[in-house]
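S.K.: One structure, pasted below without further comment.
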Amino acid sequence: MKTTGNTIFLAGGTSGLGLGLAQRFLDLGNKVIISGRRKELLDQLADEHPGLETIALDVADPDSIADTVEQVLATHPDVNVVITMAGIMQPENLRDANHLSISEATITTNLLGTIRVISAFLPHLVNKPDAAILTVSSGLAFVPLVITPTYNATKAAIHSYTQSLRVQLADTSVQVIELIPPAVQTALMGQENDERALPLDTYLTDTIDILQNQPDVTEVVIERVKFLRNAEPEGRYAETFAALNSH
């Protein structure tokens, strides 16, 4: 993937990793459009980050996705990179039937939202040179955190979906890249000040470095997440699972 001169659409980019990546790509000389549900927040972010463009999108709503993609492509026909950032993460007690509402919302946002956004943009992207799709899974796709079972499952599904997407698009101009973050200090699960999580700026710097120095990369695996990504192939799954869930 080239890291400058793109027109990038981020599905979800109003905070955390999404907003951080948006700013980094903007600084590198890309045109960047972020989306989110709250127009007032989008307007605020546009004021705070000169050059950043915004549009309303609810990834849990198929009609919103279809309408937003149509608007984006009408105003920005040069879009060649799509990043599916939107996601939610909540703890669940699987012995409580009420957890189903969390499960359903998580699947709708994290998994179906990703699939629907990619599907809506794909006919456009396959006709663009230097095109790329970046999905976002998690180290927890490979070793689950037991208090967030559906979140883990959606991220494992995104990993699998991304692998299939990459193979199906192998004869096109579209590069498919999977970002596999570790725990990062963001509002997701209230980790802003968690010393066990990686500082956001560190994650962003490491990720951009990989994208710049390895333009053909398929998975962005920074050093901090390798213990999860490689636990099973390296025969460390049981001990990694135990350590991850011992807190």
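The values are calculated or read from the model by the stated rules, or taken from the named source; none is laboratory data. Note that the coordinates shown come from a computational prediction; the quantities given were computed from them, not determined experimentally. Neighbour counts run over all protein chains shown; Cβ positions are idealised from the backbone, glycine included. To get the accessible areas, we keep the full protein, side chains included, count just its heavy atoms, and leave off ligands, DNA and RNA. Shrake-Rupley method; radii C 1.70, N 1.55, O 1.52, S 1.80 Å.
S.K.: Looking at 217, 225, which one is surrounded by 11 or more Cβ atoms within 10 Å (Cβ to Cβ) and under 15 Å from residue 140 (Cα atoms)?
M.R.: 225
S.K.: Taking the condition of being at negative phi and surrounded by 17 or more Cβ atoms within 10 Å (Cβ to Cβ), how many residues in region 168-203 meet it?
M.R.: 20
S.K.: May I ask you to say which residue of 117, 126 is open to solvent by 20 Å² or more (accessible area, probe 1.4 Å) and in contact with a strand residue (DSSP E or B) (Cβ under 7 Å, 6 or more places away or on another chain)?
M.R.: Sole residue among the options that is open to solvent by 20 Å² or more (accessible area, probe 1.4 Å) and in contact with a strand residue (DSSP E or B) (Cβ under 7 Å, 6 or more places away or on another chain): 126.
S.K.: Still on this model: Give region 168-192 a look and list any residue that's hydrophobic (A, V, I, L, M, F, W, C), more than 22 Å from residue 8 (Cα to Cα) and touching a strand residue (DSSP E or B) at 6+ places or on another chain (Cβ under 9 Å), or say none.
M.R.: Within region 168-192, 183, 184 meet the criteria.
S.K.: Tell me, please, whether a residue that is open to solvent by 60 Å² or more (accessible area, probe 1.4 Å), hydroxyl-bearing (Ser, Thr, Tyr) and closer than 17 Å to residue 55 by Cα can be found in region 74-86. Outline the logic, then answer.
M.R.: Taking region 74-86 and keeping what is open to solvent by 60 Å² or more (accessible area, probe 1.4 Å), we get 74-75, 77-78.
With hydroxyl-bearing (Ser, Thr, Tyr) added as a condition, the list becomes 75.
Restricting the remaining residues to those that are closer than 17 Å to residue 55 by Cα gives 75.
Scanning region 74-86, I find at least one residue that is open to solvent by 60 Å² or more (accessible area, probe 1.4 Å), hydroxyl-bearing (Ser, Thr, Tyr) and closer than 17 Å to residue 55 by Cα, so the answer is yes.
S.K.: With free of Cβ contacts under 8 Å to residues at least 12 places away in the same chain and basic (Lys, Arg) as the only criterion, which of 229, 166, 224, 236 stands out?
M.R.: Working: 229 fails: free of Cβ contacts under 8 Å to residues at least 12 places away in the same chain; 166 fails: free of Cβ contacts under 8 Å to residues at least 12 places away in the same chain; 224 fails: free of Cβ contacts under 8 Å to residues at least 12 places away in the same chain.
One residue alone meets the criteria, 236.
S.K.: Could you say whether any residue in region 155-162 is farther than 22 Å from residue 230 by Cβ, among the polar types (S, T, N, Q) and surrounded by 14 or more Cβ atoms within 10 Å (Cβ to Cβ)?
M.R.: No, region 155-162 contains no residue that is farther than 22 Å from residue 230 by Cβ, among the polar types (S, T, N, Q) and surrounded by 14 or more Cβ atoms within 10 Å (Cβ to Cβ).
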